[in-house]
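The values are calculated or read from the model by the stated rules, or taken from the named source; none is laboratory data. This one's a predicted model, so the numbers in the text were calculated from it and none came from an experiment. In this analysis, Cβ positions are derived from the backbone assuming ideal geometry, glycine residues included, and neighbour counts consider all displayed protein chains. Note: areas computed on protein heavy atoms with side chains; ligands, DNA, RNA excluded. Shrake-Rupley method; radii C 1.70, N 1.55, O 1.52, S 1.80 Å.
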Amino acid sequence: VWEIFVDGNTKKVAMKEVTSVFFNEYVPYDGVHIPTGEEEVFEVDGFTVKYQIEGRKMVRKPKVSIGTEDKGTVVVRIVVDRYGNILVTEPGYSGSTTSNKYLYTKAQTAAKTAKFDEDLKGPLKTEGTITIIY
């Protein structure tokens, strides 16, 4: 038997009846990427670049370059620290239209050169994506 207090009153519930417990409390954002809202879109040296990350703004655009005629869209999963530095880059995330290793390497290198604004009161790490269309 589980004894709980609801609105100041005691209530007893058999444990075999409990499948889930939800609390009405605020849970702060934990930094996990949830693809909601609009992507920010801009151009860098003729290439379309998009990014999506909760509550952060890009303050330094990535340096995009290419040395081939290959085409495709590469989505790079990123992890950003509180100071706006990119800690992790993983190309080939959901939404990529190519599996070209060269484009993956170029997109990963470009993503590492971007920087986001500081959020000293936010989560230690925030996930997001940078998309580069070659």
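Quick notes on this one:
- The range 9-55, residues that are small (Gly, Ala, Ser), over 30 Å from residue 93 (Cβ atoms) and at pLDDT 80 or above: 14
- For the range 112-134, a tally of residues being assigned to a loop (DSSP other than H, G, I, E, B) and of a type outside the set (Ser, Thr, Tyr) returns 9.
- From 113, 129, residue being touching a residue at least 24 places away in the same chain (Cβ under 8 Å), open to solvent by 20 Å² or more (accessible area, probe 1.4 Å) and either over 20 Å from residue 67 (Cα atoms) or not acidic (Asp, Glu) (or both): 113
- Subset of the range 67-90 [more than 19 Å from residue 55 (Cβ to Cβ), open to solvent by 40 Å² or more (accessible area, probe 1.4 Å) and within 19 Å of the chain's Cα centre (by Cα)]: 90
- Residue selected from the range 35-62 under the condition open to solvent by 100 Å² or more (accessible area, probe 1.4 Å) and under 15 Å from the mean Cα position of the chain (by Cα), by the criterion farthest from residue 82 (Cα to Cα): 38
- Entirely in the range 1-111, the strands (runs of 3 or more DSSP E) that have 2 or more residues that are farther than 21 Å from residue 127 by Cβ and among the basic types (Lys, Arg): 9-13
- Residue in the range 92-110 that is least open to solvent (accessible area, probe 1.4 Å), counting only those that are touching a Lys or Arg at 6+ places or on another chain (Cβ under 8 Å) and not β-branched (Val, Ile, Thr): 110
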